[in-house]
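What follows is a single structure, written as structure tokens, with notes after it.
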Amino acid sequence: MNSIVSSAIISTHSNPKLVFFSKPKIKTKSYSLNYSYHLPKLRVSAIKDQNPESKIPNVADEVTEHPLDENGGGGFDLGWLPAFPHVLVASMSNFTFGYHIGVMNGPIISIARELGFEGNSFIEGLVVSIFIAGAFIGSLSTGSLVDKLGCRLTFQIDTIPLILGAIISANAHSLDEILWGRFLVGLGIGVNVVLVPIYISEVAPTKYRGALGSLCQIGTCLGIIASLSLGIPSETDPHWWRTMLYIASVPSFIVGLGMQFAVDSPRWLCKSGRINDAKKVVRELWGASEVEGAIEEFQSVSKNDGSDLDSRWSEILEQPHSRVAFIGGALFVFQQFAGINGVLYFSSLTFQNVGVQSSALASLFVGLTNFAGALCALHLIDREGRQKLIIGSYLGMAISMFLVVYAVIFPLDEQLSNNLSILGTIMYIFSFAIGAGPVTGIIVPELSSTRTRGKIMGFSFSTHWVCNFVVGLFFLELVEKFGVAPVYASFGSVSLLAAAFARYFLVETKGRSLEEVERSLNPKA
């Protein structure tokens, strides 16, 4: 059985006659992206106003002049603009992620035919699931790499398996070669999905950290849309898949080159003793007036956490890190078991029932819906806050699932039933993209301490990959055994549990520096 790779799945269905709500009779292929966050509720002592008014980045509003600081440096607060090029380069890694998810959608049939495993569902599933195995290993290794090397160098090293994997896959003439290529790509992607939110959270100005963090999801959506668009010729050209996989190496070249000109995390620079470099980065990205205060905060937290660069895995079992690790792991469990992969799996079939017969067009429509939700998240996350957005997102997902269940169970006109199914599917995907997708990846690094951020993110995303694999493994069997309605009802129930979890276990991080959040969660700080 095919496995699903992550929370932004796009599915390909080869049988236009398959009815959405009947039991699947044929083998289908689905490939996914992420992809895609106390125990008693954490009480946060506010060092500053916990809910300062935030605006979506607006150059006209944010260019303000500051007086000279203690170092004699004055300047302008350009808001999000100075950090944007660095964040954009990092987000290109998520574009790579999205591209690699969509790139296997249509061409898998041609690949299987050319490499000699056509009709073997186990081998086809293995080509997909080997990606997840690589991503699991990559996610677990990221924490140690970031602690020792910093984000910038880790980005550049990570382009090696991504480029090699894409080229090996494009040149594959045997099953072993395509498996090795997919494994290397998965290894690189596993590092990327952990690394990008860490980097953005540490270089973005506090006021715009959420909006800039949302670029992760936008990059992923654009990558999926690009690969689906480029994949259209594969329906007529059986060898087009090789060109698509060669193209997959290009974004990684751009990231490797772009990171040569990007800054490293000022928090990591300070932690590694490079104080002057950290001051330079803060001055460049946040403004001269922020330098002294930021460095003082970095040093205070670093002194409390320990001065050595590399944290131990065992530290995430200690308070307060264990609470954040619990939150991060639980959020990714909820994200996967709320059914994003399953809903996207059936989305093409749902559209076919209302006349959209091209699975490529249906998948593209789903990708555009996901992208629209990500844009809304960009606009809202620093205005409304993380907690409110993720609660609203899961409530919207629950309502959407129950709407589809209603359309299945109750005796309605066929056209009305199909329309309600389409409406529920679109509402679900949009609701996911506006909160459960992007916020999960943003809030975990915000809650994590500087010392254990890499390890906690690695643990959280490894949980994501495991749950992703389990859902992909058992989803079709559950649908065949129980039907769509009970499975979708369970997705809606999990979404309600996720909303309750976010209400009682999350704390708001909007408008607060990472050091403020860390001190509020750590009574020893």
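The values are calculated or read from the model by the stated rules, or taken from the named source; none is laboratory data. Source: prediction; values computed, not measured. We place every Cβ from the backbone using ideal geometry, glycine too, and count neighbours over all the protein chains shown. Note: areas computed on protein heavy atoms with side chains; ligands, DNA, RNA excluded. Shrake-Rupley method; radii C 1.70, N 1.55, O 1.52, S 1.80 Å.
Miscellaneous remarks
- Sole exception among (1) outside any helix (DSSP H, G or I); (2) modelled with pLDDT of 95 or more; (3) not hydrophobic (A, V, I, L, M, F, W, C) for Gln319, by number: (2)
- When the criteria are applied in full, Gly150 meets the requirement of being more than 10 Å from Val191 (Cα to Cα), in contact with a Ser or Thr (Cβ under 9 Å, 6 or more places away or on another chain) and assigned to a helix (DSSP H, G or I).
- The lone criterion from (1) open to solvent by less than 10 Å² (accessible area, probe 1.4 Å); (2) outside any helix (DSSP H, G or I) left unmet by Val291 is number (2).
- Count of the range 268-282 residues which are closer than 22 Å to Ser144 by Cα, part of a helix (DSSP H, G or I) and among the basic types (Lys, Arg): 1
- Of the residues Thr463, Thr369, the single one that is open to solvent by 10 Å² or more (accessible area, probe 1.4 Å), of a type in the set (Ser, Thr, Tyr) and under 30 Å from Gly150 (Cα atoms) is Thr463.
- Residue check, Trp268 open to solvent by 60 Å² or more (accessible area, probe 1.4 Å) and either touching a Phe, Trp or Tyr at 6+ places or on another chain (Cβ under 7 Å) or farther than 25 Å from Gly223 by Cα (or both): no
- Members of the range 226-244 found to be of a type in the set (D, E, K, R) and assigned to a loop (DSSP other than H, G, I, E, B), listed by number: Asp237
- Against the criterion of being outside any helix (DSSP H, G or I) and aliphatic (A, V, I, L, M), Ala172 qualifies.
- The residue that is farthest from the chain's Cα centre (by Cα), among those in the range 104-122 that are surrounded by fewer than 17 Cβ atoms within 10 Å (Cβ to Cβ) and assigned to a helix (DSSP H, G or I), is Arg113.
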